[in-house]
Amino acid sequence: MAFVYLRKLPTVAEIMQQLPLDKSSAQIKKERDKAIISIFSGQSNKFLIIIGPCSADNEDAVCEYVSRLAVLQKQVKDKLVLVPRVYTNKPRTTGEGYKGMMHQPNPRQEPNIVEGLKALRKLHLRILTQTGLTAADEMLYPSNYPYLEDLLSYVAVGARSVENQQHRLTCSGLDIPVGMKNPTSGDLNVMLNAVYAAQTPHVFLYRGYEVKTTGNPYAHCILRGAVNYYGQYIPNYHYEDMMRLAEMYHKYALKNPAIIVDTNHANSGKKFDEQPRIAQEVMRNIKHSRTLKSMVKGLMIESYLKEGSQDTRGKVFGKSITDPCLGWEDSRRLVLKLAEYV
């Protein structure tokens, strides 16, 4: 047999017992969830900004980043809801490279998923208790969601996972907003099918059980650009792209139609410093259409303490070891500028 069983994973109950959430922090999460959901339901006119590192590779650096974000949140609280992007799993196109904190709590050491599960919960717990902000994470492995279900306020399903049935069905049981990215091909129907599936009740296999879900009315679309057959980046954040998606949305008759625009990845052509320009173009375009004003709920921005990126052996504190990110000062200025548009 080709599988070698290394370690038995701890149960969700065991991890939560070791790293419990206190009552006051649980109440903060409840209030944050309500504020974020109200944006997607249309009850709030605030704008959502999901912002943070490409990958959460270092606990202290990520917590320093989010502590700054918490100060900034107070400055823009009347206009924006800031959700720290704390992605502890990283999809890899070829399967090689750093796969995130869950695989490697220390990027310079060998993988240890048992310690990784503890590390990612410890990180999210520390962020919530120290800053009062609840975070977003990517659902790379649907079965891992219960380890963080009492800590997260937003979940994203990536371009490589959005066609997977287990991701779609699992999201139908979440009670927080879930963003479905368009696949790397750019096919908007694939993304909308994923949203439809996530909004629908299901019965399926999950973590050794037959489960039943009620559907998630806050599942929605994320435009992240595409890559064509020649490997060229094709953006889909322009006015015409968003209007086309809005028209398609209505044909699907989905609940709470909503669009989030990812300002990096294929939309920026992996040029991280294009993000401020893209973000502001989106904000200007929203003003030209009542449809977009009601449907475009937020932006995703990749940002860290230091701009750019380094390899996993790099020693610069707060600099990405995966995709390059905006530095803190540029990010702070951008958030303040975006608040002016709302």
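Identify, please: which residue in region 282-313 is among the β-branched types (Val, Ile, Thr) and surrounded by 18 or more Cβ atoms within 10 Å (Cβ to Cβ) and is, among those, nearest to the chain's Cα centre (by Cα)? Show your work before the answer.
As a first pass, look at region 282-313 and keep what is among the β-branched types (Val, Ile, Thr): 282, 286, 291, 296, 301, 312.
Filter again for surrounded by 18 or more Cβ atoms within 10 Å (Cβ to Cβ), leaving 282, 286, 296, 301.
Values: Val282: 19, Ile286: 22, Val296: 16, Ile301: 10 Å.
Step by step, filter region 282-313, then rank; the result is Ile301.
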Of those in region 229-272 that are within 14 Å of Ala159 (Cα to Cα) and of a type in the set (S, T, N, Q), the residue surrounded by the most Cβ atoms within 10 Å (Cβ to Cβ) is Asn267
In this structure, is Asn216 modelled with pLDDT of 95 or more and surrounded by 15 or more Cβ atoms within 10 Å (Cβ to Cβ)?
yes
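Quick grid of which residues meet (1) at pLDDT 95 or above; (2) surrounded by fewer than 21 Cβ atoms within 10 Å (Cβ to Cβ); (3) within 14 Å of the chain's Cα centre (by Cα):
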{"site": "Pro105", "(1), (2), (3)": "no, no, no"}
{"site": "Pro111", "(1), (2), (3)": "no, yes, no"}
{"site": "Lys118", "(1), (2), (3)": "yes, yes, no"}
{"site": "Glu138", "(1), (2), (3)": "yes, no, yes"}
Scan the strands (runs of 3 or more DSSP E) fully inside region 214-321 and keep the ones with 2 or more residues being more than 23 Å from Ile36 (Cα to Cα).
306-309
Quick check on this structure: which one of Leu21, Leu9 is modelled with pLDDT of 95 or more, assigned to a loop (DSSP other than H, G, I, E, B) and more than 29 Å from Lys319 (Cβ to Cβ)?
Leu21
Collect the residues in region 271-308 that are in contact with a Phe, Trp or Tyr (Cβ under 8 Å, 6 or more places away or on another chain), among the small types (Gly, Ala, Ser) and over 15 Å from Asp241 (Cβ atoms), keeping them in residue-number order.
Gly298, Ser303, Gly308
Conditions first: (1) touching a Lys or Arg at 6+ places or on another chain (Cβ under 8 Å); (2) polar (S, T, N, Q); (3) free of Cβ contacts under 8 Å to residues at least 24 places away in the same chain. Gln27 passes all but one, so which condition is the exception?
(1)
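The values are calculated or read from the model by the stated rules, or taken from the named source; none is laboratory data. Source: prediction; values computed, not measured. Cβ sites come from the backbone with ideal geometry, for glycine too, and all protein chains shown count toward neighbours.
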